[in-house]
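Colleague: I'd like to ask you about the structure that follows.
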Ligand SMILES: Nc1nc2c(c(=O)[nH]1)N[C@@H](CN(C=O)c1ccc(C(=O)N[C@@H](CCC(=O)O)C(=O)O)cc1)CN2
């Protein structure tokens, strides 16, 4: 369904298109130089939200000129078997990026899997060696959903220096990296989590409010400062009054849009940019691999080496 043409909506589509167009230029050049980018997606078990994400990754990778392959594994696979599969991908020179789709089944330690991905092929920046980069202000490759959310906040034109930002949700893949990305930009950041005494009291102080907790419509109008920017990162599936499955965010958009100056729709907000950032990260990872290749073999490109 098309989004209403309301300037309060921070729509992800145009930003994503811009990013994908730039990625396409890079991918075309890299391919012509003998380094075609190829992204492998690892899915474990069946999760509807992940299927939506992967479907969009495949479609946008095709648009951007990036090879894309999905490897699906059964929910009862062992962690050791998955690690072995990842080591195989690390060793394959045709594979330039690996993404592990979340969530994985509870018996699989996601951190072990993430650490098994070679840091140069880690297109999410979630390897322990990569996640530290954003702490050191090296921001060119950050976790996709976190980077996408920050990209949308920048679309408001708000000055991030000294901006009061509140993040509801402290996950490793979204809340924590957003905090580091925004601290690097000079924002004052508060992170709320399950032990926070009054989320509402913090949220009401925010010039920019990020929400990523997976609770449909948790944030209501009375929790938002008038004029704030509200970035909704929730992706929750529910059955609508028409009996159809639909996706809703963590923010009660209908009421909050009467108070906020900017609000991201769900779907159509952070989601499309998340996919675009993944593709951009894939090109960053490839250029790091090329730099390593050049440093090791002393040639400018693969074609020259042949
Ligand atoms: N490895 C990762 N796994 C997950 C991440 C991540 O960043 N890295 N984030 C979420 C992904 N996710 C939901 O589970 C998700 C992300 C993006 C989209 C998306 O493309 N949404 C679009 C389109 C919706 C539609 O076609 O109906 C949108 O919001 O407009 C969907 C899901 C968890 N896992």
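Colleague: Find the centroid of the Cα atoms in region 206-265 and in region 132-176, then give the distance between the two in whole Å.
Modeller: One Cα centre to the other: 18 Å.
Colleague: Using a Gaussian network model of the chain whose springs link C-alpha atoms within less than 10 Å, name the residue from 70, 81, 244 with the highest mean-square fluctuation.
Modeller: 244
Colleague: Take the Cα pairs of region 1-61, get the Kirkwood Rh, then feed it into Stokes-Einstein at 10 °C and 1.306 mPa s and tell me D in µm²/s.
Modeller: Working: Rh = 14.4 Å.
My calculation gives 110 µm²/s for D.
Colleague: So how much slack lies between residue 70 and residue 46, counting 0.36 nm per residue of separation and subtracting their Cα-Cα distance, in nm? Mind dumping the intermediate values first?
Modeller: On the way: separation 24, 0.36 × 24 = 8.64 nm, distance 1.32 nm.
Value of the extension gain: 7.3 nm.
Colleague: Return the equivalent ellipsoid semi-axes of region 214-306 as a descending list in whole Å, where each equals the square root of 5 times an eigenvalue of the C-alpha gyration tensor. Show your work: numbers first, answer last.
Modeller: On the way: eigenvalues 392, 56, 15 Å².
Computed over region 214-306, the values are 44, 17, 9 Å.
Colleague: Measuring from a point 7 Å past the Cα of residue 258 along Cα-to-C-beta, which residues in region 208-232 have an amide N at less than 13 Å?
Modeller: Answer for this model: 220-223.
Colleague: Mind pulling the per residue volume of the convex hull built on the Cα atoms of the chain? Å³ is fine. Please list the in-between numbers first.
Modeller: Values: hull volume 42.7 nm³, N = 306.
Taking only Cα atoms, the chain has a hull volume of 140 Å³ per residue.
Colleague: Of 208, 75, 260, which has the largest mean-square fluctuation in a 10 Å C-alpha GNM of the chain?
Modeller: Of 208, 75, 260, the Gaussian network model singles out 75 as fluctuating most.
Colleague: If contacts are Cα pairs under 8 angstrom and at least 6 residues apart, what is the relative contact order of region 103-148 in percent?
Modeller: Numbers: 29 pairs, mean separation 12.4, N = 46.
Contact order relative to length: 27 percent.
Colleague: Moving to a separate point now. Please state, to two decimals, what the Cα-based radius of gyration of region 1-142 comes to when divided by 2.2 N^0.38 Å (N = residues). Each step should come with its number before you reach the end.
Modeller: Values: Rg = 16.7 Å, N = 142, 2.2 N^0.38 = 14.5 Å.
That works out to 1.15 for region 1-142.
Colleague: Counting pairs of alpha carbon atoms under 8 Å apart in space and at least six apart in sequence, what relative contact order in percent does region 1-76 give? Could the numbers behind the result be given before it?
Modeller: On the way: 63 pairs, mean separation 27.5, N = 76.
Relative CO of region 1-76 lands at 36 percent.
Colleague: Once the convex hull of the alpha carbons of region 95-221 is built, what does its volume come to per residue, in cubic angstrom?
Modeller: On the way: hull volume 16.2 nm³, N = 127.
That works out to 128 Å³ per residue.
Colleague: Using only helices, what value at 222 nm comes out for the chain when you add -39,500 (n - 2.57) per DSSP H run of length 4 or more and divide by the total residues, to the nearest 500 deg cm²/dmol? Intermediate values should be presented prior to the final figure.
Modeller: Values: 11 runs with 129 residues, N = 306.
Only helices count here, giving -13000 deg cm²/dmol.
Colleague: Remind me, relative contact order of region 109-231 in percent, using alpha carbon pairs under 8 angstrom and six or more residues apart? If you can, show how the numbers build up before the last one.
Modeller: On the way: 185 pairs, mean separation 26.8, N = 123.
Contact order relative to length: 22 percent.
Colleague: Label-point separation (nm) for residue 188 and residue 55, each offset 7 Å from Cα along Cα-to-Cβ?
Modeller: 4.4
No lab work stands behind these numbers, since they all come straight from the coordinates. Since the structure is predicted, the reported quantities are computational estimates derived from the model, not experimental observations. No Cβ is skipped: glycine too gets one built from the backbone with ideal geometry, and neighbour counts run over all protein chains shown.
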